[in-house]
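A short worksheet on the structure shown next.
The values are calculated or read from the model by the stated rules, or taken from the named source; none is laboratory data. It should be emphasised that the depicted structure is a prediction, and the values quoted were computed from it without experimental measurement. Cβ coordinates were reconstructed from backbone atoms using ideal geometry, including for glycine residues, and neighbour counts include every protein chain displayed. Just the protein is used for accessible areas: all its heavy atoms, side chains included, with ligands, DNA and RNA removed. Shrake-Rupley method; radii C 1.70, N 1.55, O 1.52, S 1.80 Å.
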Amino acid sequence: MTLAVRYTAARTLTTAPAETRSPGPGEVELAPAYVGICGTDLHIFHGDMDARVAAPAVLGHEMSGRVMRVGPGVDGWAPGDAVTVMPLRWDDTCPACLKGHQHICQNLDFIGIDSPGAMQQRWTVPASTLVRLPDALALDRAALVEPTAVAVHDVGRAAVREGEKVVVVGGGPVGVLIALVARAAGAEVRVVELSAHRRLLAEELGLTAWNPADDDVPALVREWTGEAGADVAFEVSGAAGGVDTAVEVLGVRGRLCLVAIHPRPREVNLHRFFWRELTLVGARLYDRSDFERAVALVADGTIPADRLISKVVPLTEAPAAFEALEGGGDVMKILVDCTADAYDTEGAAV
Ligand SMILES: [Zn+2]
């Protein structure tokens, strides 16, 4: 028997034994090693996504692990291979898919939200979702590939170019990853973040971070850009004030890339969009090329994944880790180590 963390009701997670099943045609059974806890997982934990998530649900979509068993008809993968999963399954028939945008399929199955996720000791997924990891990349760091792929996609959607000035509003894990990817693309970057802990971490990574509670961010941007305004702003905060800041800091023909999930409509200064000929770009998830680029950026250290990992907890302590994350600001990324109890459970061997 192996263990799984399940969401059973609002604010309730349990770690309990799970049945394993043989991988079917086209499927692969994985042994997840590390699984990151994401903001979306916290929304599920709060009960905010009960309309979408069918409890009991195994969460987790930021993962690394190894192939255990390969189902019929699967080529190119063997037990022991180090992998991460691009957790998307699409129908290939809807208008979005037919236009080539499978990652935002209109009937998308986001694995780990709409179907069982990685926070368990055995996880069966379609082989088509696997992304190979280099042997030299430590599996704990590799758990940061998925959020890094989000950042790669966002920076690509905003078409950030070398020498541009970029403001990232919201300095949590995704915001900092966007800042690092944009910097790697040759941009000059400023991060706007309320949490002192997160600002300090951003500064330690060589980024400049401003506190919107104390600093006059639009004035600082005017000074930084010689009154021109920023070329690109990323809205990663999910807050109304963050939207205002992102719009206000942009210069003529600036691009606002919307990354955060805003659950309800926001007031936006559309006059500013008109006056400065701004562009609004939505950015959601990633495609395979973003994922492969993310693997390279984490593997070569451009993304210092180890610095973003605040804590690693065993599977049995995942429920407590969710509680701790409720506090917000003083952590970046918490990983769940799915291997920690693997040898304490009877019959864990496949
Ligand atoms: Zn589709």
Item checked: Percentage relative contact order, the chain, counting C-alpha pairs under 8 Å, at least six apart -> 19
Next item on the list: Take the alpha carbon gyration tensor of the chain, find the square roots of its eigenvalues, order them as a ≥ b ≥ c, and report rounded if a/c is under 1.5; if not, report prolate when a/b exceeds b/c, else oblate.
Entry: prolate
Check: Ranked highest first by average number of other Cβ atoms within 10 Å, how do 216-224, 41-49, 290-298 line up?
Finding: 290-298, 41-49, 216-224
Margin query: How are the alpha carbon pair distances in the range 148-282 distributed across 10 Å bins from zero to the largest one, expressed in percent?
Written below: 14, 49, 34, 3
Next item on the list: Rounded to the nearest Å, what's the spacing between the alpha carbon centres of the range 190-261 and the range 30-55? Just the number, please.
Entry: 28
Item checked: Considering only the chain, percent of DSSP beta bridges that pair antiparallel, nearest 5 -> 55
Checklist line | Zone of residue 78's modelled label, taken as backbone nitrogen in the range 29-48 under 18 Å from a point 7 Å along Cα→Cβ | finding: 29-31
Notebook entry, point to check: Local charge sum around residue 225 (other residues, Cβ-Cβ under 11 Å, Lys/Arg +1, Asp/Glu -1)?
Noted result: -2
Next item on the list: Give the residue from 232, 179, 84 lying farthest towards the positive end of the charge dipole for the chain; charges sit on Cβ (+1 for Lys and Arg, -1 for Asp and Glu) and the dipole is referred to the Cα centre.
Entry: 232
Notebook entry, point to check: Percent relative contact order of the range 97-202, based on C-alpha pairs within less than 8 angstrom and at least six residues apart?
Noted result: 19
Check: What spacing in nm lies between the two simple spin-label points modelled at residue 66 and residue 197, each 7 Å away from Cα in the Cβ direction?
Finding: 3.3
Notebook entry, point to check: How much length, in nm to one decimal, is gained on full extension between residue 98 and residue 227, taken as 0.36 nm per residue of separation minus their Cα-Cα distance?
Noted result: 42.1 nm
Check: Using a 1.4 Å probe on the protein chains only, how many percent of the accessible area of the chain belongs to carbon and sulfur?
Finding: 51
Notebook entry, point to check: Going highest first, how would you order 250-261, 70-81, 141-152, 181-192 by mean Cβ packing within 10 Å?
Noted result: 141-152, 181-192, 250-261, 70-81
Next item on the list: Can you send over the solvent-accessible area of residue 333, 1.4 Å probe, protein chains only, in Å² to the nearest 10?
Entry: 10
Next item on the list: Compute the relative contact order of the range 156-287 as a whole-number percentage, counting only Cα pairs closer than 8 Å that sit 6 or more residues apart in sequence.
Entry: 23
Check: Just the accessible area per residue of the chain, please: how many Å² with a 1.4 Å probe?
Finding: 44
Item checked: Mean Cβ neighbour count within 10 Å, used as a protection proxy, ranking 272-283, 313-324 highest first -> 313-324, 272-283
Checklist line | Gap separating the Cα centres of the range 118-154 and the range 271-335, nearest whole Å | finding: 13
Check: Per the helix-only calculation at 222 nm, which mean residue ellipticity applies to the chain, given -39500 (n - 2.57) for every DSSP H run of n ≥ 4 and division by its residues, nearest 500 deg cm²/dmol?
Finding: -7500 deg cm²/dmol
